[in-house]
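Take a look at the structure below.
The values are calculated or read from the model by the stated rules, or taken from the named source; none is laboratory data. Values in this document were obtained by computation on a predicted structure and should not be read as measured data. Backbone-built Cβ (ideal geometry, glycine too); neighbour counts: all protein chains shown.
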Amino acid sequence: HIFSFAGKSMAFEGELSCIVSDPQKHGDKIGSFVTYAVNVTSTLPAYDGEEGSVRRRYSDFEWLRRGLQENYPFVIIPPLPEKESLNVKGRFKDAFMERRRRALEVFLNRVCSHADLRESEILKSFLTARTWDLESQKGSKISRKFDYMVRDVMKDADSLFLKMKKNSNDKDAAKFEQLRQYVKNVEANLSQTEDLAKGIAKKKRALAAEYDQLGPVMNLIAQAEDQIAQPMEAVANMFRNVGAVLEKAASNDELCFVEPLREYVLLTKAVKSVLVNRDVAWQGYNIAVKDLSQARKDLEKATELLHAPEKRSKVSSFFGKLKDSNPAEKKKKLEEKVEELEGTVEKEKIMCSNGTSKVLDEIRRFHEHKRVDFKAIMSEFVKAQIDYHAAVEQSWTDCLPSIDQISLDPKTPLRVVAEEKK
């Protein structure tokens, strides 16, 4: 895919792409919100080769991502921009809406570039449904069986892994524990890099403000010192130019370095979620295997008691725990339970096997995209630094001729020296 964070649209060569644009505020009070135009271009048969546009708000994007998580538990679902703790006025500032617009566009195009996700019905509804139709779909109940299982079983990723390690049929558990540690380290390193990059941008912006303050001071000196008036005016302009360059550099750092770093921090969290989903699936399989083993033992015991006359006295005590007093009927129910659990175990085993393969494919895809993305990120960042330093150097260089006009002879007026040089 073609990828750029430098203020350009992120586009993918392929069958489906989106451009998010034109943020608009609706309402003036507490219930106010922002919608974005989502412009779709597609050659997929499901979209009839259409180009269209819909308006969506942030909560619609959240609905889309939740639906994708539910339907594709072993796929790395790209992250949405985080909700920020801003007051109402802050949420409607142009800078915030533009930053969110860029992040939403990155999210959508990551989804549209995925072979499975771009075929999903929920994505098609998001990209094509009219507003009232989408609201109707959002109001309908979505099965969240797997999501609930994750929340109920998965209290802590590390404790779950230790529990599975003691009693698990997962032959790849050690491999996935290494992956878990790798992702954990990547997240920590990226978070630290993001914090440092934020600090650099903040310092550049603070330095820009100080240079802006130097400009007026130099103008005051120029007004008070006729001998060096023209050079000081040139220096004042130079300080203003350098301040503007620094401000632009800070904005570029945030745009082409801080923002993509933040997106990758969130993306590593999405990777961790997929690893957790796989662990939960294997935990479900282990539980099913344990239940089947117990049911088979109960059936074996029931069969033994029913066909052993010398153990008739034990039959009543064994079956007495069951509501049905008919031992033969109870044996039949146990047989049905074993058959049902065998089906459950097979189903869980297939899901675990497919889930493992899918997660490994997703991790490979994550690495491939990370290489492409980081090449673009670092290239844009380095080029921005080169441009920044070149612009600062040029500002200083342009100022030197004016400074050279200052005469060291106190009897010679500066303006005369300037005329002689001409």
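Odds and ends about this structure:
- Single condition ARG91 does not satisfy, out of (1) surrounded by 13 or more Cβ atoms within 10 Å (Cβ to Cβ); (2) of a type in the set (Lys, Arg); (3) at pLDDT 80 or above: (3)
- Residues satisfying the criterion are present in region 257-269 (criterion: more than 24 Å from SER379 (Cα to Cα), under 31 Å from the mean Cα position of the chain (by Cα) and either assigned to a helix (DSSP H, G or I) or among the aliphatic types (A, V, I, L, M) (or both)).
- Test result for ASP94, under 25 Å from SER136 (Cβ atoms) and not hydrophobic (A, V, I, L, M, F, W, C): no
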